[in-house]
Amino acid sequence: MIATETGPDRVVSASVRLPATRCRLLRAILIEVTTAVSAYLADEHDRGRIAAGADLDPLTLSLAGGGHLLFADRDPDRRRRPPSTSW
């Protein structure tokens with residue numbers, strides 16, 4: 001499925017401002033999230049709930065990245081408010 005060496009490692013390696021321990025923790029969390037999302041999507045694909053021709057790797061990275069953007073907002077005031085659902 002997902003080659004976790006290419007996704008989260010790239011993000012963590014590019015972030016040179018983080019101390020080493022925090023960087024290792026972030027890497028571990030990103031790998032766990034990506035692995036869990038990938039396994040979930042593979043299971044849904046096997047059950048026929050995701051189209052047979054769907055490419056799960058980009059979908060996995062999109063969902064993991066979207067979750068990161070949703071929950072890792074650096075503005076503390078925005079974290080307290082639920083995301084807007086209006087289009």
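Given the condition modelled with pLDDT of 65 or more and among the aliphatic types (A, V, I, L, M), answer yes or no: does some residue in the range 2-18 qualify? No, that holds for no residue. Per the conditions (1) modelled with pLDDT under 90; (2) in a loop (DSSP other than H, G, I, E, B); (3) open to solvent by less than 100 Å² (accessible area, probe 1.4 Å), the sole criterion not satisfied by Thr85 is (3).
Is there a residue being polar (S, T, N, Q) and surrounded by fewer than 16 Cβ atoms within 10 Å (Cβ to Cβ) anywhere in the range 52-68? So far as the range 52-68 goes, yes, one or more of its residues are polar (S, T, N, Q) and surrounded by fewer than 16 Cβ atoms within 10 Å (Cβ to Cβ). A Cβ distance below 8 Å, combined with a sequence gap of six or more or placement on separate chains, defines the contacts here; from the range 30-48, residues that are farther than 18 Å from Leu70 by Cβ and touching a residue at least 24 places away in the same chain (Cβ under 8 Å) reach residues that are part of a helix (DSSP H, G or I) and of a type in the set (Val, Ile, Thr) in the pairs Ser38/Thr60.
The values are calculated or read from the model by the stated rules, or taken from the named source; none is laboratory data. Please read these numbers as outputs of a predicted model, since none were measured by experiment. Glycine gets a Cβ as well: all are built from the backbone with ideal geometry, and neighbour counts include every protein chain shown. Just the protein is used for accessible areas: all its heavy atoms, side chains included, with ligands, DNA and RNA removed. Shrake-Rupley method; radii C 1.70, N 1.55, O 1.52, S 1.80 Å.
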